[in-house]
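Remarks on the structure that follows.
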C-alpha cells in the first residue's frame, strides 16, 4: 500500500493549480471589494502565493515534519504584515485551504493535512511582528560584520572587499570571516528583505558581492596541505541558493580536502557522473527551499543505489534541516550540519565512527 504522506505529496502536486485557483476564488468572494482593488495582477499573484503554500504543506507532510510548515507560515505572516496586508489574510487563507482540501481529498489524506494546517493556525498567534536579528553586539567580530553589511547595503562592494582583505591581512582567520561576518550578514540580508526594508535587488547584490569577495580569498583557502580526501559539494536541481554550499566546500578545502564544487541547480544525472569520475570520500548536498526536499531524497536514493555512490557517506544542509534536526534521517542522509564549521565536526564523527 502506498505511503499516505507520499501519496498526499503527489496528489497535491498534480492538483496544485486547480486547488490554488479554488482557494483564491473563495477568498476573493469573501471580501470582494477589498480584493478587487488589486486587479487581475493581484489575483494572479495570490494564486502564485497559494501554490507556494500548497508546496510547503505537501513537502512538510511528505517529510513528516509539521515544524517545516509552521516555520514557513510564520515567515509568511511577517512578510504579509510588512507588505501591508490585513492580519486576517493568512489565517483566512489557511481556513479556506482546509475547507477546499476536505472537499477534494479522501478522508485519510485530508486528516494528514488538517493536523499541519491547524498547527500553523495555532502558532500564528505567537509570531513576532519582526524576527530578531542574529547580528548582536555580543557576537564575535560583531563590529566588523556590521560595517561590512552597511557597505554592501550602500552599494560599496569595492570598499567592502578592501575591508575584508585588510582584516585577513591583519590576522583574522578566513574561517572567522566566513562564520562571523559572511554568515550572519547573509542571514540579516534575508531578514531585511522579509520585513520589507530592502528589495530583492539589494538582496541579490549583497549575495553576489559576498561571493566575489570569497573568490578573492582563494589563495589563502587553497594553501592548506592536502590530506588525500575528496569531497563533492552540490545543490539539487532547481536550487539556486548556493552561497551556503560554497562556504562548506571552502571550509573543507581549508582542512586539506580536494573539493569539487558543482554549484547551484545541478541535475542528478550530472552529480552521478561526477561521483563516477571523481570517486569522492564524501558527498555534500544543500537546499534552502523546503519544496526541493523530494529532490534531495530522490538524489540520495539514486546515489545509494548506484555503483559509484553506494558506499559514499552523504551530508545534507540548508534551512529545512536546521528547522527540523531529524529531517536528515528522513531523507536518507548519513549526517547533517547547521553551518560550515559544524560540517567538519559531523564528518569527522562519520569517518571515525
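Values for this structure:
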{"quantity": "Length released on extending from residue 147 to residue 352, taking residue separation times 0.36 nm less the Cα-Cα span", "calculated": "69.8 nm"}
{"quantity": "Exposure proxy ranking, count of Cβ atoms within 10 Å, fewest first, for 336, 187, 141", "calculated": "187, 141, 336"}
{"quantity": "Alpha-carbon Rg with Dmax, taken over the chain, Å", "calculated": "21.9, 67"}
{"quantity": "Burial ordering of 242, 36, fewest other beta-carbon atoms within 10 Å first", "calculated": "36, 242"}
{"quantity": "Gaussian network model of the chain, springs between alpha carbon atoms under 10 Å - residue of 186, 301, 139 with greatest fluctuation", "calculated": "139"}
{"quantity": "Equivalent ellipsoid dimensions for the stretch 129-221 as semi-axes, Å, which come from the Cα gyration tensor, largest first", "calculated": "22, 15, 10"}
{"quantity": "Hull-based mean projected area of the stretch 83-143, where the convex hull spans the alpha carbons, in square nanometres", "calculated": "6.7 nm²"}
{"quantity": "Among 341, 42, 317: highest mean-square fluctuation, GNM of the chain, C-alpha pairs under 10 Å", "calculated": "42"}
{"quantity": "Computed lengthening from residue 345 to residue 301, 0.36 nm per intervening residue step minus Cα-Cα distance", "calculated": "13.4 nm"}
{"quantity": "Residue among 196, 104, 265 with the largest mean-square fluctuation in a Gaussian network model of the chain, springs linking Cα atoms under 10 Å", "calculated": "104"}
{"quantity": "The stretch 142-219: relative contact order as a whole-number percent, Cα under 8 Å and 6+ apart", "calculated": "37 percent"}
{"quantity": "Pairs of alpha carbons in the stretch 4-124 whose separation is greater than 18 Å (percent)", "calculated": "48 percent"}
{"quantity": "Paired Rg and Dmax values of the stretch 75-176, which use every Cα atom, in angstrom", "calculated": "22.4, 65"}
{"quantity": "Alpha carbon convex hull of the stretch 211-279, volume per residue in cubic angstrom", "calculated": "72 Å³"}
{"quantity": "Kirkwood estimate for the stretch 224-351, i.e. one over the average of 1/r between Cα atoms, Å", "calculated": "14.1 Å"}
{"quantity": "Ascending count of other beta-carbon atoms within 10 Å, so fewest first, for 77, 45", "calculated": "45, 77"}
{"quantity": "The stretch 168-218: mean projected area of Cα convex hull, nm²", "calculated": "3.6 nm²"}
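None of the figures in this text is laboratory data; all of them are computed from the coordinates on show. Keep in mind the model is a prediction, meaning the values are calculated, not measured. In this analysis, Cβ positions are derived from the backbone assuming ideal geometry, glycine residues included, and neighbour counts consider all displayed protein chains.
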